[in-house]
Amino acid sequence: MAAADPAKFSSFAEFYPFYLSEHRNPTCRRLHFIGSTLVLLCLAALVVTGNPWWALAAPLCGYGFAWIGHIGFEKNRPATFKHPLYSLMGDWRMYWQLLTRQMPL
């Protein structure tokens, strides 16, 4: 359930229900999952190869897939623009919940 005023959150615990309300569309959640998985693979490639281009590819993959999900399927604006830190935390909590089947993929 969305908070009454999504512009103001006093904690991540307060923000996360709003974050989930912005990710109701299964295709959007799947695109987030794919993007986050690619981020992890890019970071692994960076560690293995030492090639700094992987550091640039990581956010492009993560944000690219997420924003396609929001624009094309959720029809909303990503929370990243108003709540960048909480949004990043929400991405990884949702990723874990999708990975562990606590939330439908």
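For the range 83-105, the tally of residues that are over 19 Å from L38 (Cα atoms), without any contact (Cβ under 8 Å) to a residue 40 or more places away in the chain and hydrophobic (A, V, I, L, M, F, W, C) stands at 1. Among the residues of the range 29-59, those identified as of a type in the set (A, V, I, L, M) and within 23 Å of E74 (Cα to Cα) are L31, I34, L38, V39, A58. Here T80 passes the criteria (1) under 18 Å from F18 (Cβ atoms); (2) modelled with pLDDT of 95 or more except the one numbered (2).
Just give me the residues in the range 1-29 being modelled with pLDDT under 95, surrounded by 12 or more Cβ atoms within 10 Å (Cβ to Cβ) and among the hydrophobic types (A, V, I, L, M, F, W, C), in sequence order. Hits for the range 1-29 are A3, F9. Considering only residues that are under 19 Å from W96 (Cβ atoms), in contact (Cβ under 8 Å) with a residue 40 or more places away in the chain and hydrophobic (A, V, I, L, M, F, W, C), look in the range 30-82 and name the one that is surrounded by the fewest Cβ atoms within 10 Å (Cβ to Cβ). Across the range 30-82, the extreme among qualifying residues is F33.
Taking the criterion of being among the polar types (S, T, N, Q) and either in a helix (DSSP H, G or I) or out of contact with any His (no Cβ under 6 Å at 6 or more places or on another chain) (or both), the only residue of the range 53-83 that qualifies is T80. Scanning the range 84-105 for residues that are surrounded by 13 or more Cβ atoms within 10 Å (Cβ to Cβ) and not in a helix (DSSP H, G or I) turns up just one, M103.
The values are calculated or read from the model by the stated rules, or taken from the named source; none is laboratory data. Owing to the predicted nature of the structure, the values given are computational and were not obtained by experimental measurement. We place every Cβ from the backbone using ideal geometry, glycine too, and count neighbours over all the protein chains shown.
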